[in-house]
1. Can you report the number of residues in the range 220-275 which are closer than 30 Å to residue 169 by Cβ and either part of a loop (DSSP other than H, G, I, E, B) or in the same structural domain as residue 49 (by TED's automatic domain parsing) (or both)?
2. Within the range 185-195, does at least one residue satisfy the condition of being touching a helix residue (DSSP H, G or I) at 6+ places or on another chain (Cβ under 9 Å), touching a residue at least 40 places away in the same chain (Cβ under 8 Å), surrounded by fewer than 19 Cβ atoms within 10 Å (Cβ to Cβ) and more than 30 Å from residue 20 (Cα to Cα)?
3. Can you find a residue in the range 134-154 that is over 23 Å from the mean Cα position of the chain (by Cα), surrounded by fewer than 16 Cβ atoms within 10 Å (Cβ to Cβ) and assigned by TED's automatic domain parsing to the domain that holds residue 71?
4. Could you figure out which of (1) assigned by TED's automatic domain parsing to the domain that holds residue 5; (2) part of a strand (DSSP E or B) isn't true of residue 181?
5. Being in contact (Cβ under 8 Å) with a residue 24 or more places away in the chain, more than 11 Å from residue 31 (Cβ to Cβ) and touching a strand residue (DSSP E or B) at 6+ places or on another chain (Cβ under 8 Å) is the filter here, so list the residues in the range 88-102 that pass it.
6. Being crowded, with 16+ Cβ neighbours inside 10 Å, touching a residue at least 24 places away in the same chain (Cβ under 8 Å) and in contact with a helix residue (DSSP H, G or I) (Cβ under 7 Å, 6 or more places away or on another chain) is the requirement here; does residue 157 meet it?
7. Please work out which residue is nearest to residue 218 (Cα to Cα), limiting yourself to the range 258-276 and to residues that are loosely packed, with under 10 Cβ neighbours inside 10 Å and in contact (Cβ under 8 Å) with a residue 12 or more places away in the chain.
8. Mind counting the residues in the range 241-257 that are without any contact (Cβ under 8 Å) to a residue 24 or more places away in the chain and out of contact with any strand residue (DSSP E or B) (no Cβ under 8 Å at 6 or more places or on another chain)?
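The values are calculated or read from the model by the stated rules, or taken from the named source; none is laboratory data. Quantities reported herein were computed from a predicted structural model and do not represent experimental measurements. All Cβ positions, even for glycine, are placed from backbone atoms using ideal geometry, and neighbour counts span all protein chains on display.
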């Protein structure tokens with residue numbers, strides 16, 4: 001982590017990732033596009049996600065989370081770059097056929113490394129191959145839930161999933177939350193863990209940096225008026241007055257309360273629930 005000198009109150013407690021090996025250059029223009037901000041509002045113009053708005057202007061990077069159509073074509077990592085839209089870094093790949101694509105960078109991946117995609121790819125960091133070809137105990141990331149789909153699991157900075165067992169139709173994996181679940185063996189996954197593992201230990205240091213990231217201030221429910229939040233009302237300092245913590249809409253939230261829908265389609269694939 002990179003700690004700033006305490007030359008001001010805002011820098012006194014700031015800790016940010018060092019981003020070693022990340023290029024300071026501009027992204028590949030043909031793989032970027034403009035984005036628009038919602039401010040947390042849905043199609044009716046009303047706020048559906050609170051505490052969002054403002055923030056620095058960003059360009060979206062076209063990230064290929066599948067790479068299945070590039071099976072059998074070798075690639076070289078041209079550059080490791082910063083992506084403002086995600087916590088992990090991204091890698092610019094140059095394939096043997098001359099095409100360039102962005103994908104999630106693995107921890108330890110550097111410029112000049114070669115990667116492979118497909119059933120013939122070995123268990124090398126950054127390679128992408130079917131789950132049935134990955135040995136037990138291997139850490140994987142960007143894991144697809146179904147064959148032919150892009151990666152859905154373990155895509156944030158530093159995250160990874162461990163292969164626990166191989167069955168006839170499914171591969172059993174252990175999630176970062178402790179949940180153990182089954183995934184079809186033909187689904188693809190990348191070997192290793194997502195880059196920038198220090199992201200979770202950063203300290204913004206000041207409110208202004210949160211605003212640069214598009215985060216607006218939060219207000220505790222207990223200090224609101226009763227019309228605005230279930231925790232509100234009463235005089236002076238007090239407890240929330242309700243047994244379970246709730247959102248401003250009265251739904252369960254926090255404190256390890258279960259919010260997963262009952263009888264979900266993937267229930268049959270979960271071997272062990274997460275602990276909380």
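1. Going through the range 220-275, the residues closer than 30 Å to residue 169 by Cβ turn out to be 258-275.
Retained after the next criterion (residues that are either part of a loop (DSSP other than H, G, I, E, B) or in the same structural domain as residue 49 (by TED's automatic domain parsing) (or both)): 258-266, 273-275.
Residues in the range 220-275 being closer than 30 Å to residue 169 by Cβ and either part of a loop (DSSP other than H, G, I, E, B) or in the same structural domain as residue 49 (by TED's automatic domain parsing) (or both): 12 in total.
2. yes
3. yes
4. Residue 181 satisfies every listed condition except (1).
5. 88, 89, 91, 95
6. Yes: the conditions hold for residue 157.
7. In this case the residue turns out to be 276.
8. 11
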